[in-house]
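Everything on this sheet refers to the single structure shown next.
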Amino acid sequence: MCRNCIYCKCKKCVIKKGKTKAGSQRYICKNCGKTFILKSKGRNYDEEFKKEAMRLYFEGNSSRAVARLLKIRSVPFVCFI
């Protein structure tokens, strides 16, 4: 599989360089020497979940209350706004 460096856009100069603590594959570019991860493993909430969170928030609930009701941390909810 061909990988391109996300920094210098070099083709055919990217090799694997171990894994992160979260288990994502880490790569290094032989041209510029920078390391990177192609995909992060962040949570992707679906649109219905986001709509429900926004509905609760606009009904007058605080961001902490919405996070508690939806059983998520309050930090990801603030990113929806």
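Readers should treat all values here as calculations from the given coordinates under stated rules, not as data from a laboratory. Remember, predicted model here, so these are calculated numbers, not experimental data. Here the Cβ positions follow ideal geometry from the backbone for every residue, glycine too, while neighbour counts run over all protein chains shown.
Partner lysines whose Cα lies under 30 Å from the Cα of LYS11, excluding those fewer than 8 positions away in the same chain, are identified as LYS19, LYS21, LYS30, LYS34, LYS39, LYS41.
Once you have the Kirkwood Rh of segment 1-40 from its Cα pairs, apply Stokes-Einstein at 20 °C and 1.002 mPa s and quote D in µm²/s.
On the way: Rh = 10.1 Å.
D, rounded to a whole number, is 212 µm²/s.
Here CYS13, CYS5 are placed in order of increasing Cβ neighbour count within 10 Å, fewest first, which gives CYS13, CYS5.
Cross-link partners for LYS71 among the lysines, with Cα-Cα distance under 18 Å and sequence neighbours closer than 8 places in the same chain left out: LYS50, LYS51.
Considering only alpha-carbon pairs that sit under 8 angstrom and 6 or more positions apart, the relative contact order computed for the chain is 16 percent.
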